[in-house]
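**Q** Structure provided below as structure tokens; questions to follow.
The values are calculated or read from the model by the stated rules, or taken from the named source; none is laboratory data. Not measured: the values here are computed from a predicted model. Virtual Cβ from ideal backbone geometry, glycine too; neighbours counted across all protein chains shown.
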Amino acid sequence: MLLLMTGIISIVALVMIIGWHYCLTLDWQIKLVTGRLNKLIRCQQRDRQVVQQLLKNIYVIINKGMALDNLIVVYQALDLLKLAFGYGVVRPSESARLMAIGVTALNNNKPDTVSFIIDAFRPLVRQLPPESIVSAVDQLTLIATVALKQKHNFLAAKVVECIFFIIEQADVTAEKKILIAAIKALKVIGVLGLRRRDAALFREINKRLSVWIVANPRTDDISTEIASTLTAWLHRITWLDDAFLFSIITDSTFSLIEAEALTDVGIELIIDEWGNVAASACLNPNSRAAGLIIEFIFQVANRQKFNKQWIKVLALTGRVAKLAVYRHGIIAAFMVMYPILELGRKLLWAELRYVEYTDDFHHELLFRVVRECLIILTYAARQNIFGSTGETIVEIFKCWMAHPEIIINEKSVKKYCQLLLLFWLKNKKQAKKYMPRDAEFMEPMLFSNFERQRLGI
């Protein structure tokens, strides 16, 4: 009898152990949490502690599933999490917790799991107040940063998709903080993508952001942030010295300006900051980026047609050119100076083409350009103890003629360089004393008496 009782007790104990073990398995926990979530969703009034405990249990299941490498359970738990978020079952700082498991999954080399986690942000941000959405954007940026560092570029692309989802849901006029945070996030991801030389990711960000900017009302705050973003991308592209990426950013930026999608504040910031990037780029004697940036700035200024803006642009160009001359000498700095020289050549050609018509704006601009060119050339001459501005003008002419691929009309090149010389000699008491002896440059003199009178030389 005693033996029988002992056997029964042993069987009951074994059943209890088996049942307890089953209760501890993740499959049973998923079923339990699913039932509790369905019950909670149907409740009109939700107890905060119940919500917190339920979501805590889901996160525990996800972490255990990742530890045991049980992807089925992890995906089931993440589906439950998305369902909970969709019905407003959310705690304060929920995005930080979601980001934490995303980073954990990345550190455990589980990119597919991270992809599901990024998807969970979409239903979550629908339930968050504006200040919490800003935090969620920051946390998405962190996930993208870690993903790019670990070369999971497709995850960064998913984060970009999620950020654009947030941008498209936000009200441009009422939720500027969200939009600015999202644009800053795209700036960071774009820079990191360029660092990884992921041209496809950068193109996608640039294209979608441009489309959104054109489609929405412009404001100074947004335009300022966009200008900052474009500058950060340009800085990285000039460091890479990639002509294809450079053409992408300049084309898209000018398209935004043409579409009047940026305010004057944003355009002014682009001119100022891109000028600084040109100054940085000119330190590399093997890069053409500085000259190309200056050409772009001229293109923007020419479209605006503001005298004050041109004064600033020409002064900026002069600073960059003088820096290049100081670092590399007049010959190596020629391609940095080329845009302002070419601008002067075009303005002179247009000025002399129309005999009976004078465009006051372009007439004044021509002489502003001539004066700035002479300031640069005089500075270059001073770098050579035995040199003069006249000899430097001849040197620039010969350097220009040594680049036939950029010359449209050799005669007009020579004529503009002669204009620089005649303008420089205009106030010299003994002009013949300073006249260069170079026959190739001086003969023939291409200005007629009428042209010299018209130009005041």
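**Q** If you scan region 285-316, which residues turn out to be of a type in the set (K, R) and in contact with a helix residue (DSSP H, G or I) (Cβ under 6 Å, 6 or more places away or on another chain)?
**A** Residue satisfying the conditions is R288 alone.
**Q** Scan region 360-391 residue by residue and report those that are polar (S, T, N, Q) and under 16 Å from G318 (Cα atoms).
**A** Keep residues of region 360-391 that are polar (S, T, N, Q), which gives 378, 383-384, 388-389.
Answer for region 360-391, where residues must be polar (S, T, N, Q) and under 16 Å from G318 (Cα atoms): T378, Q383, T389.
**Q** Just give me the residues in region 145-183 being among the aromatic types (F, W, Y) and buried (at least 22 other Cβ atoms within 10 Å of the Cβ), in sequence order. If you could, list the steps in order and put the result at the bottom.
**A** Our first condition is that a residue be among the aromatic types (F, W, Y); within region 145-183, this holds for 154, 164-165.
Once the filter is applied, which keeps residues that are among the aromatic types (F, W, Y) and buried (at least 22 other Cβ atoms within 10 Å of the Cβ), region 145-183 yields nothing.
**Q** Within region 50-75, which residues are over 38 Å from the mean Cα position of the chain (by Cα), surrounded by 15 or more Cβ atoms within 10 Å (Cβ to Cβ) and not aliphatic (A, V, I, L, M)?
**A** Of everything in region 50-75, those that are over 38 Å from the mean Cα position of the chain (by Cα), surrounded by 15 or more Cβ atoms within 10 Å (Cβ to Cβ) and not aliphatic (A, V, I, L, M) turn out to be N57, K64, G65, N70.
**Q** Taking R196 as the residue in question, decide whether it is touching a residue at least 24 places away in the same chain (Cβ under 8 Å), out of contact with any Lys or Arg (no Cβ under 7 Å at 6 or more places or on another chain) and surrounded by fewer than 16 Cβ atoms within 10 Å (Cβ to Cβ).
**A** Considered against the rule, which asks whether it is touching a residue at least 24 places away in the same chain (Cβ under 8 Å), out of contact with any Lys or Arg (no Cβ under 7 Å at 6 or more places or on another chain) and surrounded by fewer than 16 Cβ atoms within 10 Å (Cβ to Cβ), R196 comes out as yes.
**Q** Something else about it: For region 34-49, what are the residues that are over 12 Å from G88 (Cβ atoms), under 45 Å from the mean Cα position of the chain (by Cα) and of a type in the set (K, R)?
**A** R48
**Q** For E395, are the conditions met, namely being acidic (D, E), buried (at least 17 other Cβ atoms within 10 Å of the Cβ), out of contact with any strand residue (DSSP E or B) (no Cβ under 6 Å at 6 or more places or on another chain) and in contact (Cβ under 8 Å) with a residue 24 or more places away in the chain?
**A** Spelling it out, E395 is indeed acidic (D, E), buried (at least 17 other Cβ atoms within 10 Å of the Cβ), out of contact with any strand residue (DSSP E or B) (no Cβ under 6 Å at 6 or more places or on another chain) and in contact (Cβ under 8 Å) with a residue 24 or more places away in the chain.
**Q** Sticking with this one: Are any residues in region 138-185 in contact with a Lys or Arg (Cβ under 8 Å, 6 or more places away or on another chain) and over 25 Å from P111 (Cα atoms), and if so, which ones?
**A** If the condition is that a residue be in contact with a Lys or Arg (Cβ under 8 Å, 6 or more places away or on another chain) and over 25 Å from P111 (Cα atoms), then Q169 is the only one that fits.
**Q** Take the residues of region 213-231 that are crowded, with 19+ Cβ neighbours inside 10 Å and of a type in the set (A, V, I, L, M, F, W, C): which is nearest to the chain's Cα centre (by Cα)?
**A** L230
**Q** Could I ask something else about it? In this structure, is K184 at pLDDT below 95 and either in contact with a helix residue (DSSP H, G or I) (Cβ under 9 Å, 6 or more places away or on another chain) or assigned to a loop (DSSP other than H, G, I, E, B) (or both)?
**A** no
**Q** Out of all the residues in region 417-435, is one or more under 27 Å from R327 (Cβ atoms), free of Cβ contacts under 8 Å to residues at least 40 places away in the same chain and not hydrophobic (A, V, I, L, M, F, W, C)?
**A** Checked against the condition, which is being under 27 Å from R327 (Cβ atoms), free of Cβ contacts under 8 Å to residues at least 40 places away in the same chain and not hydrophobic (A, V, I, L, M, F, W, C), region 417-435 yields no hits at all.
**Q** Counting only residues that are touching a residue at least 12 places away in the same chain (Cβ under 8 Å), over 20 Å from the mean Cα position of the chain (by Cα) and surrounded by fewer than 16 Cβ atoms within 10 Å (Cβ to Cβ), give me the helices (runs of 4 or more DSSP H) lying completely in region 232-346 with at least 1 of them.
**A** Counting at least 1 such residues, we get 289-304, 307-332.
**Q** Right, next: Hey, any hits in region 155-170 for a residue that's among the acidic types (D, E) and assigned to a helix (DSSP H, G or I)?
**A** At the first step, the residues of region 155-170 found to be among the acidic types (D, E) are 161, 168.
Right, trim to assigned to a helix (DSSP H, G or I) and you get 161, 168.
There is at least one residue in region 155-170 that is among the acidic types (D, E) and assigned to a helix (DSSP H, G or I).
**Q** Now a separate question. May I ask you to list the residues in region 423-457 that are of a type in the set (A, V, I, L, M, F, W, C) and either modelled with pLDDT of 75 or more or within 17 Å of H363 (Cβ to Cβ) (or both)?
**A** F423, W424, L425, F441, M442, M445, L446, F447, F450, L455, I457
**Q** Now for a separate question. Among what's in region 115-139 and is within 22 Å of V191 (Cβ to Cβ) and out of contact with any Ser or Thr (no Cβ under 8 Å at 6 or more places or on another chain), pick the residue that is surrounded by the fewest Cβ atoms within 10 Å (Cβ to Cβ).
**A** So the residue we want is D138.
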